Every structure is written in C-alpha cells, then in structure tokens.
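Shown next, in structure tokens, is the structure this report addresses.
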Amino acid sequence: MGISGVKALTFDVFGTVVDWRGSIIREGEQLGRAKGIDVDWSEFADRWRAGYAPAMARVRRTAA
C-alpha cells in the first residue's frame with residue numbers, strides 16, 4: 001500500500017512522545033538549585049499528574 005491509501009496516523013502523544021515525568025523532575029531540580037527550593041521533584045511530578053484526570057473530568061463535563 002502506498003501513502004495514498006493511508007487515511008490516518010494516530011499515536012499516544014501524552015506518555016509516548018512526551019516524557020512529562022522526566023521533564024518535570026529535571027526542570028524542577030534545575031529550578032530548585034537556582035532558587036534554593038528543597039522539593040522531592042519525583043513526588044511533585046507524581047502528585048501533579050494525579051490531579052490531571054480529575055481536572056480533565058471537570059473540563060469534559062463542562063464541554064458536554
């Protein structure tokens with residue numbers, strides 16, 4: 001099949017292409033060093049992500 005037969009290309013951007021956790025930790029560590037902030041950036045990233053689904057649920061309910 002040539003490219004003309006392709007109707008869609010799909011993939012999971014959030015988690016496959018984007019390293020959200022690693023980038024939050026890396027940037028947080030850099031910020032912490034620069035500003036003297038002592039934070040467990042791994043825990044911060046995990047807790048931030050835990051809030052994502054409830055926040056999106058509110059958006060989905062409002063949009064419906």
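Give, as a single signed number, the net charge of other residues whose beta carbon lies under 12 Å from the beta carbon of R21, with Lys and Arg counted +1 and Asp and Glu -1. Before the final figure, lay out the partial values.
Numbers: positive: R26, R47, R49; negative: D19, E27, E43, D46.
Neighbour charge sum, excluding R21 itself: -1.
To one decimal place, what orientation-averaged projected area in nm² is obtained for the convex hull of the Cα set of the chain? Working shown, then result.
Values: hull surface 30.2 nm².
That works out to 7.5 nm², a quarter of the Cα hull's surface.
Could you report the accessible area of V18 in Å², rounded to 10, computed with a 1.4 Å probe on the protein chains as they sit in the structure?
Solvent-accessible area, nearest 10 Å²: 60 Å².
Taking only DSSP H segments of four or more residues, each worth -39500 (n - 2.57), what value at 222 nm results for the chain once the sum is divided by all its residues, to the nearest 500 deg cm²/dmol?
-18500 deg cm²/dmol
The values are calculated or read from the model by the stated rules, or taken from the named source; none is laboratory data. Source: prediction; values computed, not measured. Cβ atoms come from the backbone with ideal geometry, glycine included; neighbour counts cover every protein chain shown. Remember, those area values only see protein heavy atoms, side chains included, never the ligands or the DNA or RNA. Shrake-Rupley method; radii C 1.70, N 1.55, O 1.52, S 1.80 Å.
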